[in-house]
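J.: Can you keep this structure in mind? I'll have questions shortly.
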Amino acid sequence: MIEDDLRAAFARREALTPPTGPVRAAIDRAVVRRRRRRLRLRLAGTALAVVAAALAGFTAIAPRPPETANLLATPSPPMPTGAVNVLLLGLDQAGAGRRADSVLLVHVPADRSRLYLVSLPRDLLVPIPGRGTDKLNASFAFGAGRSGTDLAAGYRATRQVVAELTGVRIDAGAVLTYRATRELTDAVGGVPVCLPSTVRSYHTHRTYRAGCQRLDGAAAVDVLRQRFDMPEGGLDRDRNAARYAAGLLHRVQEQGVLTDPLLLSRLITKIGSGAVIDTGEVSLPALVSAAGKAATAEPVAVGLPVRHGKAEELPLGFRLDPALAPGFLDALRTDRLGEWTAAHPKQVTTLR
């Protein structure tokens, strides 16, 4: 009986029910808008990841924080007129205690004349807030937590240390890994790398001859990992990463990837999605534009001048070179790296 009463009540009020067509259409439109917005954000993050990978030779994997949603906000932030500094952190280790094995500061001068790839040794002893003096790569581990999963916090901790060390503003950055380097390298048809001496892989026992050669994805990853049995260990690995970065920049510039949205989209499809850690006040189009203009010239790779610490000093690591580091850091802060590298050619990493 109750069921019959309910059916009768619904039937009497059926005529008052608004048509479902317009409501359904409105829901469909909202779903489409959300999907398009998610796609735009995903492509935006991946585009910056491609630029970052082109600068450092890795591929971004870190989770995107909420502020990434502002990447495509309107109105867009103005194009930066001064120098731009991008911090890129390369991760190889996974899990708890992960450290930044490679720390690269990409300096784009105000005149956009070229890119300066500044390697910061991972074993450089620096003051870490709340932790005393430790190696630079430890700042990421402290920030990322015991599990090593909070990559965004690890990046922020390292960014603070690098900003205080160098005295420059970090405009943007990404956390990167070797994991997708194979796909990126193969997607651009291999990357030319010029090695000054033979590299014998500690991991695969493969030998890479001295001289210029085009590396496929597997070989690129192998070379980028090597530091054991090399004359200057991690410093030589940093230099080879810069050589790889220069070769990758040459390939993407040669193919017009940074200036052709269609080619960029195809490359994004091949290597998969990336993620943005920090874009600060620099819009994605501005960052791509600055990197694209500066990448037309041969990049300059240079390492932060350091010296080995004394054997009795703990922890063991590098210290800033008291003779060269002050002038280098002043040139970085005042956007005069071109003058400094010209005056100190021995400090520049040979790329070819």
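The values are calculated or read from the model by the stated rules, or taken from the named source; none is laboratory data. Keep in mind the model is a prediction, meaning the values are calculated, not measured. Please note: Cβ atoms are built from the backbone with ideal geometry, for glycine as well, and neighbour counts cover all protein chains shown.
J.: Considering only segment 259-287, state which residues are modelled with pLDDT of 70 or more and buried (at least 19 other Cβ atoms within 10 Å of the Cβ).
T.: Leu267, Ala286, Leu287
J.: For segment 214-229, state whether one or more residues are at pLDDT 90 or above, over 26 Å from Arg114 (Cα atoms) and either in a strand (DSSP E or B) or polar (S, T, N, Q) (or both).
T.: Checked against the condition, which is being at pLDDT 90 or above, over 26 Å from Arg114 (Cα atoms) and either in a strand (DSSP E or B) or polar (S, T, N, Q) (or both), segment 214-229 yields at least one hit.
J.: Would you list the helices (runs of 4 or more DSSP H) that sit entirely within segment 129-211 and hold 2 or more residues that are under 27 Å from Arg266 (Cα atoms) and of a type outside the set (Phe, Trp, Tyr)? Walk me through it before giving the result.
T.: On the way: elements: 138-144, 151-166, 181-187.
Ranges flagged: 181-187.
J.: Which one of Ala242, Ala301 is assigned to a strand (DSSP E or B), closer than 19 Å to Ala100 by Cβ, at pLDDT 75 or above and out of contact with any His (no Cβ under 9 Å at 6 or more places or on another chain)? Don't jump to the end; show me each part of the working.
T.: Details: Ala242 fails: assigned to a strand (DSSP E or B).
Just one listed residue meets the conditions, Ala301.
J.: Same structure again: Could you please find all residues in segment 114-142 being touching a Gly at 6+ places or on another chain (Cβ under 7 Å) and either in contact (Cβ under 8 Å) with a residue 60 or more places away in the chain or among the polar types (S, T, N, Q) (or both)? Spell out the reasoning first.
T.: Let us first name the residues in segment 114-142 that are touching a Gly at 6+ places or on another chain (Cβ under 7 Å), namely 119, 121-125, 135, 140-141.
Residues satisfying the conditions are Ser119, Pro121, Arg122, Asp123, Leu124, Leu125, Lys135.
J.: I would also like to ask the following. Give me the pairs: first residue in segment 325-352 and on the phi > 0 side of the Ramachandran plot, second residue small (Gly, Ala, Ser), beta-carbon distance under 6 Å, and six or more apart or on different chains, which are they?
T.: Going by the 6 Å Cβ cut-off, the qualifying pairs are Asp335/Ala83; Asp335/Ala110.
J.: Restricting to segment 144-156, give me the number of residues that are buried (at least 24 other Cβ atoms within 10 Å of the Cβ) and either under 20 Å from Gly82 (Cβ atoms) or among the small types (Gly, Ala, Ser) (or both).
T.: 2
J.: Of all residues in segment 304-326 being part of a loop (DSSP other than H, G, I, E, B) and among the small types (Gly, Ala, Ser), which is modelled with the lowest pLDDT? Before you say what the answer is, go through the steps one by one.
T.: Our first condition is that a residue be part of a loop (DSSP other than H, G, I, E, B); within segment 304-326, this holds for 304-305, 309-317, 321-324.
Checking which are among the small types (Gly, Ala, Ser) leaves us with 309, 311, 317, 323.
Numbers: Gly309: 76, Ala311: 66, Gly317: 88, Ala323: 97.
By that ranking, first place goes to Ala311.
J.: Check off (1) polar (S, T, N, Q); (2) part of a loop (DSSP other than H, G, I, E, B); (3) at pLDDT below 90 for Thr68 and give me the number that stays unchecked.
T.: The failed condition is (2).
J.: For Ala291, are the conditions met, namely being buried (at least 20 other Cβ atoms within 10 Å of the Cβ), part of a helix (DSSP H, G or I) and among the small types (Gly, Ala, Ser)? It would help to see each step written out before you state the result.
T.: On the way: buried (at least 20 other Cβ atoms within 10 Å of the Cβ): yes; part of a helix (DSSP H, G or I): yes; among the small types (Gly, Ala, Ser): yes.
Considered against the rule, which asks whether it is buried (at least 20 other Cβ atoms within 10 Å of the Cβ), part of a helix (DSSP H, G or I) and among the small types (Gly, Ala, Ser), Ala291 comes out as yes.
J.: Would it be correct to say that Leu105 is in a strand (DSSP E or B), under 30 Å from Leu337 (Cα atoms), modelled with pLDDT of 90 or more and out of contact with any helix residue (DSSP H, G or I) (no Cβ under 9 Å at 6 or more places or on another chain)? I'd like the intermediate steps shown before the answer.
T.: On the way: in a strand (DSSP E or B): yes; under 30 Å from Leu337 (Cα atoms): yes; modelled with pLDDT of 90 or more: yes; out of contact with any helix residue (DSSP H, G or I) (no Cβ under 9 Å at 6 or more places or on another chain): no.
Judged against the criteria, Leu105 is not a match.
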